[in-house]
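Below is one structure, written out as structure tokens; the observations come after it.
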Amino acid sequence: MKRIVPLGVLVFLLFVVALAYADITLTNASGESITFTEEELGTIAASGEKPFEGITITVTVNQGGPKGGISGPLYEWRDAWEQITGAKLNIVEIPYAEHYPKVMTDLMTGTGQYDGFFIGSDWMGELVVGNYIVPIDDYMKDPRFPKWDPDSLPPSIRTLYTWGDKWYGPLNDCDGQILYYRKDILTNPDYRAKFKEKYGYEYNIPPKTWDELYDISEFFNGWDWNNDGEPDSGIVMHLKVGAQGMYHYASLSAPFCILPGEKVDKYHNVYWFDPEDMTPLINSEGHVKALEFQLKLQKTGPDAQVAWSLGEAWDYFLRGKAVFTFSWGDVGSLVQDETRSKIKGKLGCSILPGSYEVYDRSQGKFVKFDTPNVWGNTTGGSWHGVISALSKHPEVVYHLLAFHATNKISLWNVQRGWTGVDPGARFHFLPPYGTASLEDYVANGFDPEDAKEYLKAYYDNFFAPNVAPYLRIPGGNEYWVALDRHLSEAYTGQVSAKEALDRVARDWEEITERYGREEQLKVYQESIGYGK
Amino acid sequence: MSKGKRIKYFFIVPSIGWVLAFTIFPLLYSASLTLFRVRLGKPARFVGLANFARILSDYKMWNSLRITLVYVAVTVALQVLLGLLIALLFHQEMRGKSIFRALLILPIFCTPVAVGYLGLTVFYEEGGPINSILMSLLGTKIPWLSNPFWAWVAILLLDIWQWTPFCFLVILAGLQSLPEEIYDAAYIDSSSEWEIFRKITFPMVQPVVIIVLLLRLIESFKIFDVVYSLTGGGPGTSTEVYSLFTYRTGLKFFDFGYASVLGYLLLAMVMVVVNIFFRRVREVYE
């Protein structure tokens, strides 16, 4: 009897220890399960004590619903997260155009209705400078919280999640625009021969410069190259005002107007403003040439695209109606969804083309390069969660955001187009660039060749030697809106490229004056690493 | 003071409170805002009349004002004219009149934002119902939402569709209240319907028409919902009406001082229009 009792205790202790160190399997709303180690989920989740029981947090996100971009993953993993923490998650969806004003109103009036926000990175300057959000560095070191890997992010994306030396949001979305093209069509020998006959040269696949892309797009525009009985287009873009149409211009124009250099100074690696006096550069010769080019390129696509938002333009490409589009990572994964896409297995992807000519402001003229001036970009929101400084439960919000940033959930999101979460971290990419496996992508519905093209293009974009600077100073949203509305005036033929950009510059000057030129200059220099 | 006299104050206090809280206070507060550069969460800065002076050089404001004035002139004129014509039609004896009348007034009950989103579907350029019909009948389609002119036409059509029934209904009520005896006498003197309309019907129904005109003018100046949901002010800024511009200035960019000035300008414009029309109503009645 004396020996039995200690043995029982030992067995019980072993059982408890085994339980404590057991992996934890969580199932999402789609019924798919992921197993985490204790280290991955953090001790709060692994202890099973549910220390956040009785706490409800509220986060805002762009409207999209349970299967929508950025909002979808929150719904998908809500039950699982609530189960391990005991907290309740209240998701508030706000339409894209209303999200920023709603968030800022909450913060500026001190209402504190929301604990966290899934923000676009262009809001960051306003939020950090106003002390409206809290840094997360201390939480990141704390083993109680889910573990995610900040070192896996390229510097270009890392910049968007940080301000100075401080982190403000765990990894979520990595936005950047790449070129998508129909590999099957561009490699068609018959089409290639006809193109050569008409233009006198053989095109590269993918095109190396925007001028080359224009020729190809013009060649394919207006006739039935996919044999569906209807004329098709060269390119499709989403150009609707108020629906992120201006981002196309931001990505396309970089090679025409950013002079590469060793560091950020008055003339090199700058795009938005003169970093010495905040004079807008948006109506400089390089920009005007870029917009004139985009207006020309626009004519090789459907007329209706000037009123199309993302979904409509993507759908046009997915239905196989255009040879090119350039947009975010959503397109690459949506192509794999055969209920929407006719082009699975026919996809080509690359970093955006460059330009042989770039405007040099120091010389006041366009200079020619031997190789195309190519720029990667982080165009878009790179939508990620941040914690409101007014939240009474910042650690609960951080737990949620870190949970979504764990490698396993992040990868799960990236492999499904509807989540709106796009690849950017090393563990999203295939070897030799990253640690993800092709089999994993294929198991989640990707065509293997499409997956290779898509992930390589994103790697090239985010890890490019030159990545275009991002605008995220106070009033960032207002600067973007001014750009958006005047570009749309040019897209719809109301004004010339020059006039549209002059109007943007005029509006930007007015915004800068209103916010205070000196303050804006200081923050702008800080945000682009001027002089470093 | 007797109990009866005191009780009347008791009943009137809530409405006074309401007016003070929701009309007088916002009016005075926004009047003070016009003199400041205001950012929420930061101290307001006194700028004198700078916000008013800004109007003069703000081409965006003038553009939105021009768009609004043209919109008001066209929609109100068409709505009242069509409403009058349909009312005259329904003033005749006809079969199934009550059913048609009920069907005709249904659009009034739609939420304008929903009408805007409905418009997105109806005017969708690639495969939307209108363009599909046009393609099958004429082999052409209209760039409803991608062309500045047609986007404007789309908004006009939706607004006319929704608010013509209101004009029709009120004018019809006015027509039905006209005394029959006058018409009996008129038919003895003339057999021309046009003459009777011109010399009897229209002058008698004119006060009602003016009231309808006035109500629609005031409402039309404030147009926001349909534009917001259908075009967002685009393409470009071709449909950015005054209220949308004011809303963006105040609630999107938080430029409250200037937005208050814009609000007062709209108030002044509407008051001028209302005064002109009230003067006309008075002349008609006198």
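Laid out as a table, the results:
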| read-out | value |
| --- | --- |
| Debye, to nearest 20: dipole size of segment B:1-146, +1 on Lys, Arg Cβ, -1 on Asp, Glu Cβ | 980 |
| Where chain A is the region considered: accessible area per residue in Å², 1.4 Å probe | 37 |
| Solvent-accessible area, 1.4 Å probe, carbon plus sulfur percent, for segment B:8-80 | 80 |
| Shielding by partners, peptide A:485-495 (average Cβ within 10 angstrom, other chains) | 5 |
| Most fluctuating residue given options B:250, B:17, B:48, as computed from a GNM of chain B linking Cα atoms under 10 Å | B:17 |
| Probe 1.4 Å, all protein chains present, accessible-area order of A:279, B:231, largest first | A:279, B:231 |
| Evaluated at q = 0.15, 0.25 Å⁻¹: base-10 log I(q)/I(0), Debye formula over Cα of segment B:198-263 | -0.61, -1.03 |
| Restricting segment B:73-150 to GluC sites (Glu not before Pro) in coil, as DSSP defines it, with at most 15 other Cβ within 10 Å | B:93 |
| D_trans [Stokes-Einstein, Kirkwood Rh over alpha-carbon pairs] for chain B, 25 °C, 0.890 mPa s, µm² s⁻¹ | 109 |
| Whole-Å semi-axes of segment A:40-110's equivalent ellipsoid (Cα gyration tensor) | 27, 16, 9 |
| Inverse of mean 1/r across different Cα pairs in segment A:421-500, Kirkwood, Å | 15.8 |
| Where only C-alpha atoms are counted, convex hull volume of segment B:1-92 per residue in Å³ | 234 |
| Prolate/oblate/rounded label for segment B:117-262 (Cα gyration tensor, a/c 1.5) | oblate |
| Cα centroid of segment B:47-82 to Cα centroid of segment A:196-231, whole Å | 45 |
| Base-10 log of normalised Debye intensity for segment A:239-388 (one unit scatterer per alpha-carbon) at q = 0.09 Å⁻¹ | -0.35 |
| Relative contact order for chain B, counting Cα pairs under 8 Å that sit 6 or more residues apart, in percent | 27 |
| Nearest-10 value in Å² for the accessible area of residue B:8, using the 1.4 Å probe | 110 |
| Ellipticity estimate at 222 nm from DSSP helix runs (n ≥ 4, -39,500 (n - 2.57)) divided over chain B, nearest 500 | -22500 deg cm²/dmol |
| Value at 222 nm in deg cm²/dmol, rounded to 500, when DSSP H runs of n ≥ 4 in chain A each add -39,500 (n - 2.57) | -12000 deg cm²/dmol |
| Spherically averaged projected area in nm², based on the convex hull that wraps the Cα atoms of segment A:383-532 | 13.4 |
| Positive-end extreme of charge dipole, the protein assembly as shown - chosen from A:279, A:462, B:35 (charges on Cβ) | B:35 |
| Virtual paramagnetic centre 7 Å along Cα→Cβ of residue A:32, amide N under 19 Å, in segment A:62-104 | A:65-82 |
| Convex hull per residue volume in Å³, alpha carbons only, for segment A:87-230 | 216 |
| A versus B: buried accessible surface, summed, Å² (probe 1.4 Å, to nearest 100) | 2700 |
| Accessible area of segment A:351-473 belonging to carbon and sulfur atoms, whole % at 1.4 Å probe | 52 |
| Alpha-carbon Debye profile of segment A:31-73, log10 I(q)/I(0) at 0.31, 0.32, 0.33 Å⁻¹ | -0.93, -0.96, -0.98 |
| Semi-axes of the equivalent ellipsoid for segment A:356-447, Cα gyration tensor, largest first, Å | 36, 24, 10 |
| Most to least accessible of A:412, B:18 (protein chains only, probe 1.4 Å) | B:18, A:412 |
| GluC sites (Glu not before Pro), loop per DSSP, at most 14 other Cβ atoms within 10 Å - longest free stretch of chain A | A:339-532 |
| Antiparallel DSSP beta bridges within chain A, percent to nearest 5 | 65 |
| At least 30 Å² accessible surface lost relative to isolated chain, residues of segment B:34-65 (1.4 Å probe) | B:37, B:39, B:40, B:54, B:59, B:60 |
| Sparsely packed trypsin sites (Lys or Arg not before Pro) within segment A:234-341, loop by DSSP, other Cβ within 10 Å at most 10 | A:263 |
| Hydrodynamic radius by Kirkwood, which averages 1/r over all alpha carbon pairs of the protein assembly as shown, in angstrom | 30.1 |
| Per residue value of the accessible surface for segment B:1-158 (all protein chains in place, 1.4 Å probe), Å² | 63 |
| Length released on extending from residue B:104 to residue B:161, taking residue separation times 0.36 nm less the Cα-Cα span | 19.6 nm |
| Residues of segment B:141-163 buried by at least 50 Å² on assembly (accessible area, 1.4 Å probe, chain alone as reference) | B:146 |
| Where labels lie 7 Å past Cα in the beta-carbon direction, separation of residue A:435 and residue A:187 in nm | 3.2 |
| GNM result for chain B, Cα springs below 10 Å: residue of B:29, B:264, B:247 fluctuating most strongly | B:29 |
| Equivalent ellipsoid semi-axes, segment A:165-320, via Cα gyration tensor eigenvalues times 5, rooted, Å | 32, 20, 16 |
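The values are calculated or read from the model by the stated rules, or taken from the named source; none is laboratory data. Model, not experiment: these values are computed from the prediction. Cβ sites come from the backbone with ideal geometry, for glycine too, and all protein chains shown count toward neighbours. Ligands, DNA and RNA are stripped out before the accessible areas are found, and what is left, the full protein with its side chains, is counted by its heavy atoms. Shrake-Rupley method; radii C 1.70, N 1.55, O 1.52, S 1.80 Å.
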